[in-house]
Structures are given as C-alpha cells and as structure tokens.
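Data block below; observations after.
The values are calculated or read from the model by the stated rules, or taken from the named source; none is laboratory data. Here the structure is a predicted model, which is why all the values come from computation and not from measurement. Please note: Cβ atoms are built from the backbone with ideal geometry, for glycine as well, and neighbour counts cover all protein chains shown.
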Amino acid sequence: MTPGRSNVETLSATNVDHGELARLDAVVAELPSGSPLGAALQYVSASVRRGESVTLANDEELLTPARAARLLGMSRTHLYKLLDADVLPSRRVGRDRRIAMADLVEFESLRHAQRAELAERFAHATASRALLVDQLAREEA
Amino acid sequence: MPPPRPTLRCIREDLQSDWGDTAHQRAVTDLDSCPPLSGLDHPAIQHLSALFGVEDGASLNRESISGLTDPMWWKLKTSRWRGAVYVDDDGQTWLCAAGLRRAGEKSDFYSSFTREIGRLGAAHFLPTAEDKARLRREVAEARLATWEESLYTSAVTALASAQISGRASFDVPGLAASDPALASATVEVAILTDDDPEDSIGEIVVAVTPRDWARQELLARAEIVLLAAISPDEQSWVAGHSAKQRIFSVTDSAEAVEALVAQSASADRTPGETRAGAVSHYTHKSRLAEHYVIGSAARALCGVYFVPRQDPEGMAICPQCETVFRSLEAT
C-alpha cells in the first residue's frame, strides 16, 4: 500500500501473498498481548485469510457521499438531506462534497439515540396506540 | 350521534342467554378485543339498533312504559326478549334492562321492571360513569381508526406518485376536520440503475416536517402509520433527523423497492401494522436480557437497531451478523 494523502486504501484479499501473511502473523505474535496495533493487524490478517478484502481509512480522509451512505447503511438521498441541513459536516469539492471520516464516526454515534428510538416505537406501537385512544377519550368528555 | 347501546349492567346481569356469538359475551370484559357494544351479537341489542337507531326521532313504533315518568322509559320487544330503553340528555339511547319474554306468566317484564324501579330507584338501571367512559373510548377509537385509514391511503398514493415523478408531498391532517395540519410529509423514491442489475439500488425517503407541536403522540402515531404503509418490515427503516425534519429511509435493491411500491397498493393491511425481524441477530449479551425485559433497543453486529422480543430459536441467523461475529472470534 502506498502511504496516501488522499485515498482510502483497500487491500483486496485476492492480491495478498500468503508468505507475506505468515510474516505478518509472526510480527503480530511478537507484539505484547492487548496491543491495539496487534489487534488491528490481526484483524487484517484474519479477514484476508477468509477471502474478505479490508478497507483502511485515515481519520482525516475524505469520503464521497455515496461512500459515506454505504458505510452508514443509509440511503444516499437521505444522507444528502442531512448534508444540506448541516447535520453532518462536509466540505465542497467542485460540485460535490466530501465528508471527513472523523465527522462520520461522530455522526454515527450521535444517531444511536434516534435509531434506538425508532426501533422502540415500532415495538411499543400497540401499547402506545391504546394510551392515545385513552387520551382522546378523555378529551371527548 | 353514536348508535343505541346496552349498559354494562344489562349485559352482565340481564343478557344471560341467546347470544349469537358467545365470544362477544366474553369479550365485554376485555377492552381491547371487544367490538363496539352497539354491535354485539345478541337479538335484543340488534333489535335495539333497528328500532331506535333510525334518524327520525319521531319514533314510529315506540311505546313508553306506562306509569314511569321520571325518567321516561321506552319498550323494546323482540320475539323472545323484552327491554327497557332510556334516552339521556345528550340524546344517546341506552338499553338499560332486558328479560326473556315468558308466555303465559302472570307478571310480565314491564310489571316487574316497574316494581324494581320502585324498589331500587331508576339510578340502579341508568348508565353509569363507566358506561359513559366506555362510550367515549369507543368514539375515540373510531375517530382514530378513520384518521389512520385516510393517512394510510395518502401514504400509498404518495409512494406510487413518487415512483413515477421522484417525489410527492401531502399534509398529515389533524384528527378533526377543523384542526390544523399536524405536519407535512414528503415521500421520495430514487432508483439508481447500474450496468450490473445486481448493483442497482432503490431508495425510499420519508421526511416529516412537524407543524403543530402540541400533538406529539398523534404525530408519533402518524409516523408509524406512514412508515408501515410504505415498508412494513420494522428493521428496513433507518432514522436520521435534522433540526426541522424527521427523516426515515429504506435502502434495498431496485427490484425490492419496486416490489414494496407494488405491495403497498395491493395489500389489504391494517394501518400501522408492522413485521418484526425475520432473522435473528447477534448483539452484546451483557444487556440482552435488559432489552428483552424493558423493551429497549439493542444494536445488532450488522448495525440494525431492534427491540429483542421474539424467540430466536428456529430463525435463520443474519448473515452480516455472522460475518462480523466470526471475525471477532478470530481476533
């Protein structure tokens, strides 16, 4: 991988030499247990061994909205609404926008409450409706 | 004016037999499953509507029970039943007492009823606070159901329209015709086709802009009805709001989204009815029991948020969760 300033790097599982992988595993084995660097490298090794490609991104890296939407599991149109409303910060690049990975990570954690709330509202819909009927009945009086 | 109805005392004490549907007799104690009392399957109740439910208050065949004036009582006669009917100050008609007609007996229903009035007082038979509360609840339920039906129709219509033109908007009305609109809603459909049909993506985005902030619970109900109308699978929806709009989206293959649009129009669904998850997810076990018990949302390894409430046994495991779990095991 070239140390990039502007690219999010993808290591394709089919490109990796298994001899190199073995050398990586040896290096990881020598790191102290609990080492965060060791854990990250081990994740790369395990994924590639399973045939899964790995994407690495610098927190300073800039993502396209399409990429960001995919990472967030969100519709592109939905994401654009949030960019327009400035809920998720972005920078203009030509006619489009770029989103910093760090901002994306923070945004994702802020959304937790909203996503949990929706799941809970679905689950409690029947009980909530009964309460609503009670409330409306009181207003009829 | 709501239709004529029996009092709860009359149902419990007087209507002991002749039920067309015994489930109705049992249902009266269960508020949630009971049909409106005016529609219960008993000949006395059904005849009540036929005789007293007509609009012309001129009461063609109504006969009062002689001797009773404060209040006045009307007679109800079917082949087997006799009843005493009361019209309250609001104009609501009540069946307050009933009994089987006994041919050839010395005292008929109306004589014994008159005696009971003398002995216990009219108040014993008149509708109670519980009767009136029950009526109000039924009226509220009917109003809400009508409102939900029209909201469901608006959502389905907007979805079909958005599939063609890209977006469609409509107002989320208040409960009463004279109430201001609760919110405005927009439905957007985007199909992004790729050369490779497997990569074609479909998106549905619903944005709700609240206008009347006083009716939070009603607006919350409106959102559930809207989302359920468009995609009834709870876990298909992703929430991400801005300061002014509440925004929800579904992302799937173009084919799946087109199927959603088609199904919304043809299905005969109950407004607000949703489906819980069809696959079981992995989530952190430390809070799983808590989530089950208090009904709070858990985050699955695959990123989906859900309230665990089904038995995962027998369900297929979410493939995305499986993948993430295996990778965690390997580290």
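Structure notes:
- Given (1) facing chain A (nearest Cβ under 8 Å); (2) more than 19 Å from A:Ala125 (Cβ to Cβ); (3) hydroxyl-bearing (Ser, Thr, Tyr), number of the condition B:Ser296 does not satisfy: (2)
- Of all residues making up segment B:67-99, the number that are under 34 Å from the mean Cα position of the chain (by Cα), polar (S, T, N, Q) and outside any strand (DSSP E or B): 2
- Test: residue in segment B:93-107 that is of a type in the set (Phe, Trp, Tyr), at pLDDT 95 or above and under 30 Å from B:Ala214 (Cβ atoms): no
- Listed conditions (1) surrounded by fewer than 18 Cβ atoms within 10 Å (Cβ to Cβ); (2) over 30 Å from B:Tyr292 (Cβ atoms); (3) among the polar types (S, T, N, Q); (4) facing chain B (nearest Cβ under 7 Å) are all met by A:Gln135, apart from (2).
- Residues located in segment B:87-144, provided they are among the small types (Gly, Ala, Ser) and within 14 Å of chain A (Cβ to nearest Cβ): B:Ala129, B:Ala133, B:Ala140, B:Ala142
- Candidate set: segment A:45-70, residues that are assigned to a helix (DSSP H, G or I) and more than 10 Å from chain B (Cβ to nearest Cβ); chosen: the one nearest to the chain's Cα centre (by Cα): A:Ala68
- Any hit, segment B:19-38, residues being part of a helix (DSSP H, G or I), modelled with pLDDT of 90 or more and either surrounded by 12 or more Cβ atoms within 10 Å (Cβ to Cβ) or under 22 Å from the mean Cα position of the chain (by Cα) (or both): yes
- There is at least one residue in segment A:83-106 that is surrounded by 13 or more Cβ atoms within 10 Å (Cβ to Cβ), at the interface with chain B (Cβ under 9 Å from one of its Cβ atoms), modelled with pLDDT of 90 or more and within 21 Å of B:Tyr305 (Cα to Cα).
- Considering residues of segment B:207-261 that are more than 11 Å from chain A (Cβ to nearest Cβ) and within 22 Å of A:Ala85 (Cα to Cα) only, the residue surrounded by the fewest Cβ atoms within 10 Å (Cβ to Cβ): B:Trp213
- Of all residues in segment B:185-235, those satisfying the criterion of being modelled with pLDDT of 95 or more and of a type in the set (S, T, N, Q) are B:Thr186, B:Thr209, B:Ser231.
- In the set B:Gly277, B:Gly272, only one residue is within 30 Å of B:Ser154 (Cα to Cα), part of a loop (DSSP other than H, G, I, E, B), within 11 Å of chain A (Cβ to nearest Cβ) and at pLDDT below 90; that residue is B:Gly277.
- Of all residues in segment A:73-118, those being on the phi > 0 side of the Ramachandran plot and either over 13 Å from the mean Cα position of the chain (by Cα) or among the aromatic types (Phe, Trp, Tyr) (or both) number 2.
- The numbered conditions (1) within 35 Å of the chain's Cα centre (by Cα); (2) in contact (Cβ under 8 Å) with a residue 40 or more places away in the chain are all true for B:Ile117 except (1).
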